[in-house]
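The values are calculated or read from the model by the stated rules, or taken from the named source; none is laboratory data. Fair warning: this is a prediction, and the values are worked out from it, not measured in the lab. Here the Cβ positions follow ideal geometry from the backbone for every residue, glycine too, while neighbour counts run over all protein chains shown.
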Amino acid sequence: MHKNLLSLLKNLKAEADVLDDIYKNYPFCYKSNQRLVLEHGIPFLEIAAYVPLIGELCQCFENSLQLLTTPV
């Protein structure tokens, strides 16, 4: 595992433990978002984004509309 991921997981666990203790009487399955992420989260270790459109500068709304209406 990456060093940053281990650090993130360590911090999330510490926060989740504190919040679990604070909200121990709450009837919810997960006492915090941190606990939910720890139990069900999936780390994205590689960034791979496909951008089918390179838009015009200063045309943000037009570019967004074009991206939404472009078939994949």
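When region 19-35 is filtered for residues that are touching a helix residue (DSSP H, G or I) at 6+ places or on another chain (Cβ under 9 Å) and either more than 30 Å from K3 (Cα to Cα) or not acidic (D, E) (or both), the ones remaining, listed by number, are L19, C29, Y30, K31, S32, N33, Q34, R35. Among residues of region 21-47 that are free of Cβ contacts under 8 Å to residues at least 40 places away in the same chain, those with a beta-carbon under 6 Å from a residue that is among the aromatic types (F, W, Y) and surrounded by 10 or more Cβ atoms within 10 Å (Cβ to Cβ) at least six positions away or on a different chain give the pairs K31/Y23; L36/Y30. Where helices (runs of 4 or more DSSP H) fall wholly inside the chain, the ranges with 3 or more residues that are over 15 Å from the mean Cα position of the chain (by Cα) and at pLDDT below 90 are 60-69. Taking (1) free of Cβ contacts under 8 Å to residues at least 12 places away in the same chain; (2) surrounded by 10 or more Cβ atoms within 10 Å (Cβ to Cβ) in turn, L68 satisfies each apart from (2).
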